[in-house]
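Everything below concerns the one structure shown next.
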Amino acid sequence: MTTHVLIACSKTKSIPASNDLIWKEKTNIKSWKKAWSNQSELVPAHELYNGRAFQQKLSLCRERKQIQTHILSAGAGLISKIETKVPSYEATFLRNCGPSVTDWYQLPSGGVGKLNLNPNDVVVSFAPPQYHRALLKDVDIEQISRQLVVPSTSPLASIASSILPIHPRAKEVLGVADVDLNTAFLEMYLTNGVEGFENLVSACNDLPPIVKRRRVDDDELLEL
C-alpha cells in the first residue's frame, strides 16, 4: 500500500517568474498554458518551491517508506512527480491573481486524473481550503474519493472516505501557530495515523475552559 500525499506549493520560489507567467486580470487558462509551454528555464518542482512549510512537509514524506508526494499548485495544477521540471510563476487563488477553483484541473499539469492509484492506496492532504476547493471541483475527484483522507475542516470532507477529527483547540495542544498546523497534522498522520487525531481530540477536551477576556477602559483599569 502506498500513501499518496498532496502538499500545497509555496509562494516563495528559488528563481523569479518571467513576466508572461505572472497571472494578470486578463489572463485565462488558454493564454497561461501557451506561456507555460514557451518557457525555457525549468527547475525540478521540489527545488522550485523553497518555502519553509513546503520543505518541512517534503522532508516528512522523504523520511518514510511507501510515501509518494505530489504537489498542488495554483499555477501548474497537480504535479504528480516532484522531480518534474517546471517554470517559475506567480499565481494564487485570489481574484484576478490566478485561476478559479473551477478551472484549476485544466492547468498545464492537469488534475487528479493523473494519479495512478492501486486499490489499497490512500490519498491524504492537509492544505489551505482553496486548494481543497479546487480538488472538489476537479472532474475526476470521484475516482479517488473512496481512498481520500482529509481533516474534518476540509471542503473535501463531504466526499472523503476517511475524515480525521479536528478539535478547534488543536494548535494549543500541539503548540504550533496557524501557519504550521498543517505540517503538524501531516507529521501526526504519518506517525500515528487516525489514532493520533483521536488522541489529540481527547487531549483538547481535557484542556481547561478558555479564559473569557474583554476590553477595559482606563478608568476601570485604575479602579481595579
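Ignoring ligands, DNA and RNA, what percent of the accessible area of segment 1-135 is carbon or sulfur (1.4 Å)?
48
Could you go through segment 118-125 in sequence order and give the Karplus-derived ³J(HN,Hα) for each residue, using 6.51 cos²θ - 1.76 cosθ + 1.60 with θ = phi - 60°, rounded to whole Hz, and x for Gly and Pro?
8, x, 8, 6, 10, 10, 10, 8
If you take the Cα atoms of segment 76-224, find Rg, then find the Kirkwood Rh from the mean of 1/r over all pairs, what is Rg/Rh?
Working: Rg = 19.9 Å, Rh = 18.0 Å.
On the Cα set of segment 76-224, Rg over Rh gives 1.10.
Give me Rg/Rg_expected for segment 162-224, where Rg uses Cα atoms only and Rg_expected = 2.2 N^0.38 Å with N residues.
1.60
Whole-Hz Karplus ³J(HN,Hα) for segment 215-220, in order, using 6.51 cos²θ - 1.76 cosθ + 1.60 and θ = phi - 60°, x for Gly and Pro?
Values, residue by residue: 6, 10, 8, 4, 5, 5 Hz.
222 nm [θ] for the chain, helices only, -39500 (n - 2.57) per DSSP H run of 4+, per residue, to 500? Numbers along the way, then the final one.
Values: 7 runs with 68 residues, N = 224.
Calculated from helices alone, the mean residue ellipticity at 222 nm is -9000 deg cm²/dmol.
List the aspartates and glutamates whose alpha-carbon lies under 17 Å from that of Lys57, not counting same-chain residues fewer than 8 positions away?
Correct list for Lys57: Glu47, Glu83, Asp178, Asp180, Glu187.
Cross-link list Lys34/Lys114; Lys11/Lys114; Lys33/Lys81; Lys114/Lys171; Lys13/Lys81; Lys26/Lys85: which exceed 22 angstrom alpha carbon to alpha carbon?
Pairs exceeding 22 Å: Lys11/Lys114; Lys114/Lys171; Lys26/Lys85.
Taking amide H positions as placed in the peptide plane 1.01 Å from N, state which residues far from Ala8 in sequence (5 or more) or on other chains have amide H under 5 Å from it.
For Ala8, whose amide H was placed from the backbone, the distant partners under 5 Å are Leu72.
Of the listed peptides 1-7, 174-180, 200-206, what is their order by residue-averaged count of other C-beta atoms within 10 Å, with the highest listed first?
Ranked from most to least packed, the peptides come out as 1-7, 200-206, 174-180.
Which helices, taking whole DSSP H runs in the chain, have alpha carbons extending 20 angstrom or more along the helix axis plus mean Kyte-Doolittle at least -0.5?
The qualifying helices are 181-205.
In terms of modelled amide H atoms, which long-range or inter-chain residues lie less than 5 Å from the amide H of Val86?
Amide H to amide H, under 5 Å and 5 or more residues apart or across chains, Val86 pairs with Val43, Ala45.
The values are calculated or read from the model by the stated rules, or taken from the named source; none is laboratory data. As the structure is a prediction and not an experimental result, all values here were calculated from the model. Backbone-built Cβ (ideal geometry, glycine too); neighbour counts: all protein chains shown. For the accessible areas, the whole protein counts, side chains as well, though only heavy atoms, and no ligand, DNA or RNA atoms are used. Shrake-Rupley method; radii C 1.70, N 1.55, O 1.52, S 1.80 Å.
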